[in-house]
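Read through the structure below, which is laid out as structure tokens, and then see the notes.
The values are calculated or read from the model by the stated rules, or taken from the named source; none is laboratory data. None of these values were measured; they are calculated from a predicted model. Cβ coordinates were reconstructed from backbone atoms using ideal geometry, including for glycine residues, and neighbour counts include every protein chain displayed. Just so you know, the surface numbers come from the protein's heavy atoms only, side chains and all, with ligands and any DNA or RNA stripped out. Shrake-Rupley method; radii C 1.70, N 1.55, O 1.52, S 1.80 Å.
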Amino acid sequence: MLKKIPKNISPELLKILMEMGHGDEIVISDGNFPAHSISQNVVHCDGMGVREILDSILELFPLDTKYSKEQVFYMEVVPGDDYVPEIWDDYKKIIDKHEENVTIGYIERFKFYERAKKAYAVIHTSESALYANVILKKGVV
């Protein structure tokens, strides 16, 4: 056991966060996301939602606010879907709690999948909210 490591960060996830370098990206996905089709490096956080994992990761993980125009990316709502992802407001509050000057980008669904394929890993949660997927770009300490 270690001090100050959030309890919902498993040893496997902690190892992945440590292995990632500046500019690497990680996906935190909802329960509907095709994680295993997208990546061979999938960490399961069953029974947890994106909010709690995002909050815990940002305790440890610097975002690339110095060298990247955007540090966080959401999957855009598909045109024609009559849905407003209220979870994004929660994400913004969590992000603002940990970092300053964060810019959020919005990526069309299939372009989000393509970007996710290049991510270092996918954290697959049990989140049931729609459009709850988020990509984080790692910065430097």
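A few notes on this one:
- Cross-link pairs exceeding 25 Å between alpha carbons, from the set K3/K66; K15/K118; K15/K137; K69/K93; K4/K111; K69/K118: K3/K66; K4/K111.
- Residue of D81, D64, D30 that the Gaussian network model of the chain assigns the largest fluctuation, springs spanning Cα pairs under 10 Å: D81
- Computed [θ] at 222 nm, helices only, for the chain once each DSSP H run of length n ≥ 4 contributes -39500 (n - 2.57): -9000 deg cm²/dmol
- Multiplying each eigenvalue of the alpha-carbon gyration tensor of the chain by 5 and taking the square root yields semi-axes of 21, 17, 15 Å, largest first, rounded to whole angstroms.
- Sorted from longest to shortest, the spans of the Cα atoms of region 54-93 along the three principal axes equal 36, 22, 12 Å.
- Chymotrypsin sites (Phe, Trp or Tyr not before Pro) restricted to DSSP loop in region 51-141 with at most 14 other C-beta within 10 Å: Y67, Y83
- DSSP beta bridge pairing in the chain, given as percent antiparallel to the nearest 5: 40 percent
- Accessible surface, the chain, averaged per residue in Å² (probe 1.4 Å): 56 Å²
- With R₀ set to 30 Å, the beta-carbon distance separating K66 from E12 gives a calculated FRET efficiency near 0.60.
- Relative frequency of Cα-Cα separations exceeding 13 Å in region 3-47, percent: 62 percent
- Nonpolar atom fraction for the chain, defined as the carbon and sulfur part of the 1.4 Å probe accessible area, stands at 50 percent.
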